[in-house]
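A short reminder: the numbers here are calculations on the coordinates, not readings from a lab. Here the structure is a predicted model, which is why all the values come from computation and not from measurement. Positions of Cβ are backbone-derived with ideal geometry, glycine not excepted, and every protein chain shown enters the neighbour counts.
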């Protein structure tokens with residue numbers, strides 16, 4: 001009986017971890033604001049999947065198709081953001 005309870009607990013914890021760790025969601029996207037600093041965006045969404053930079057401009061993407069968030073920065077401040085599949 002203890003083994004079954006332990007297995008059920010581990011399965012429940014794994015399910016909660018899988019759903020609770022997804023930072024790419026509509027709620028977090030709606031928290032993005034123009035002028036938000038890059039470190040605040042990373043705190044909200046986690047480390048980006050990819051960033052491309054030219055001089056003081058940077059375009060970062062979190063996730064991959066079909067579900068992603070793209071944020072453009074100038075001087076590490078948000079100037080534009082969009083989402084796909086949220």
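Note on residue 67 and residue 84: their simple-model spin labels are 1.5 nm apart, each label 7 Å out from Cα toward Cβ. With R₀ set to 25 Å, the beta-carbon distance separating residue 59 from residue 22 gives a calculated FRET efficiency near 0.65.
What list do you get for 73, 81 if you sort them by fewest beta carbons within 10 Å? Provide the component values of the computation, followed by the final result.
Numbers: 73 21, 81 17.
With the fewest neighbours first, 73, 81 line up as 81, 73.
The ranking of 54, 79, 69 from fewest to most other beta carbons within 10 Å of each one's beta carbon is 54, 79, 69. Ordered by the count of other Cβ atoms within 10 Å of each Cβ, fewest first, 70, 82 give 82, 70.
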